[in-house]
Amino acid sequence: MKISKELLRDLAQLAETERTIMSAYIDTTNDWDATRKFVESERERLLSLLTKDEAEYFDVSLTLLKDYLNKKSSQNYRGPGLAFFADIGADYSRGVELTVSPEKSFIALDKEALILPLALELDEYEPVGVIVADASGARIFVAAGQTIEDAHSLRTKIHHLSKVGGWSQMRYQRRRDKQVKHFSKDVAENARKIFSEIGVKRILLAGRERILDAIHNELAKNLQDMVIATVKWDLDAGEDDFLKKIAPIFEQIEREQEKNILEKFVAELRRNGLAVKGIEETQTALRRGQVDMLLLDEMLDSKIAEQLTSLAEATSAYVEFFPQRNEVMRKIGGIGAILRYK
């Protein structure tokens with residue numbers, strides 16, 4: 001399972017009980033033996049801090065975690081990381097593939113699932129639908145953080161413009177144009193199905209200009225509006241190199257989005273409109289279900305950020321995190337919200 005708004009909402013709702021919930025974030029870029037040793041060391045650390053009943057729940061949760069790790073190991077999963085949550089009282093357990101390595105591996109027990117790292121990751125590394133195409137075929141995949149997940153590949157051969165077998169150049173060009181249009185329709189329809197199912201909101205096109213133009217023209221209007229950039233690329237080039245090439249594009253788009261959100265937020269504050277700032281006003285608005293988007297400074301105290309994020313996800317509010325250097329967030333104490341209604 002991948003990180004999604006639905007997953008975060010489900011995890012946030014676990015906090016509505018009085019049960020103890022286990023949250024684990026594990027860097028899996030090392031070998032699996034090191035991962036298993038880490039889990040055992042965390043077990044010993046935590047058992048000494050638990051009551052008898054809590055220890056029994058924890059051991060069951062830990063068994064589920066180990067089963068999940070063994071499954072990922074047998075599938076040759078290579079990282080960058082995994083998260084796992086277990087609420088035994090609710091008969092709930094869920095494993096999540098991370099898109100970047102966690103800053104620090106840990107296992108924790110608390111009255112709520114610790115979802116702040118997931119929310120930060122989803123905000124900074126929102127999945128982007130990618131179509132890579134040239135005359136040899138196309139790949140449709142989803143890129144996020146350090147990961148690429150293949151969704152569909154189409155292989156074809158669109159002949160290059162030249163005289164073949166005595167055909168006239170004009171006749172051959174018409175045949176090639178027909179091939180390109182048919183191929184582009186096929187790619188666009190497959191992309192529509194895949195991106196719709198995943199809930200992609202941003203699309204990047206990569207490959208050769210003429211093929212990409214044809215595919216763009218065949219995309220539905222709502223998908224055309226999601227295209228954030230077009231880059232030159234070879235279909236068979238390495239994935240790591242591709243991630244390095246597109247990372248600056250995603251970074252720029254993220255910063256532009258933050259700028260637009262803050263401009264809207266400040267405008268609403270100035271007119272005493274649909275915005276609040278500070279922890280007290282923001283908490284009150286969250287509990288009333290008024291918040292459309294929660295705005296948090298990335299360097300905010302983690303306990304406060306966790307509490308506010310959990311409230312936001314439980315009420316289907318979006319969460320946007322801003323880098324420490326942001327001047328607007330600094331002036332309002334790192335906490336604010338854009339409201340659905342007054």
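The values are calculated or read from the model by the stated rules, or taken from the named source; none is laboratory data. Values in this document were obtained by computation on a predicted structure and should not be read as measured data. Please note: Cβ atoms are built from the backbone with ideal geometry, for glycine as well, and neighbour counts cover all protein chains shown.
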Please go through region 78-122 and give me each residue that is over 25 Å from ASP53 (Cβ atoms) and loosely packed, with under 15 Cβ neighbours inside 10 Å, ordered by number. ARG78, GLU103, LYS104
Selected residue (criterion: farthest from TYR125 (Cα to Cα)) from residues of region 251-286 that are of a type in the set (D, E, K, R) and touching a helix residue (DSSP H, G or I) at 6+ places or on another chain (Cβ under 7 Å): LYS277
Those residues of region 75-94 which are in contact with a Ser or Thr (Cβ under 9 Å, 6 or more places away or on another chain) and acidic (Asp, Glu), in sequence order: ASP87
Flagged in region 269-312 as assigned to a helix (DSSP H, G or I) and under 17 Å from GLU327 (Cα atoms), in numbering order, are LEU269, ARG270
Looking at this structure, is LEU109 in contact (Cβ under 8 Å) with a residue 40 or more places away in the chain, more than 24 Å from GLY145 (Cβ to Cβ) and assigned to a strand (DSSP E or B)? yes
Checking ASP234 against (1) farther than 24 Å from GLY334 by Cα; (2) over 24 Å from the mean Cα position of the chain (by Cα); (3) modelled with pLDDT of 95 or more; (4) not basic (Lys, Arg): exactly one of these is not met. Which one? (3)
Conditions (1) of a type outside the set (D, E, K, R); (2) in contact with a strand residue (DSSP E or B) (Cβ under 9 Å, 6 or more places away or on another chain); (3) buried (at least 20 other Cβ atoms within 10 Å of the Cβ); (4) in a helix (DSSP H, G or I): number failed by GLN257: (3)
If ASP234 meets every condition in (1) of a type outside the set (Val, Ile, Thr); (2) exposed (fewer than 15 other Cβ atoms within 10 Å of the Cβ); (3) assigned to a strand (DSSP E or B) apart from one, which number is that one? (3)
Of all residues in region 306-316 being within 12 Å of THR282 (Cα to Cα) and touching a helix residue (DSSP H, G or I) at 6+ places or on another chain (Cβ under 7 Å), the one that is surrounded by the most Cβ atoms within 10 Å (Cβ to Cβ): THR309
The condition from (1) surrounded by 20 or more Cβ atoms within 10 Å (Cβ to Cβ); (2) assigned to a helix (DSSP H, G or I) that VAL319 misses is numbered (2)
Apart from one, (1) of a type outside the set (Ser, Thr, Tyr); (2) touching a helix residue (DSSP H, G or I) at 6+ places or on another chain (Cβ under 7 Å); (3) part of a loop (DSSP other than H, G, I, E, B) all hold for LEU49; the odd one out is (2)
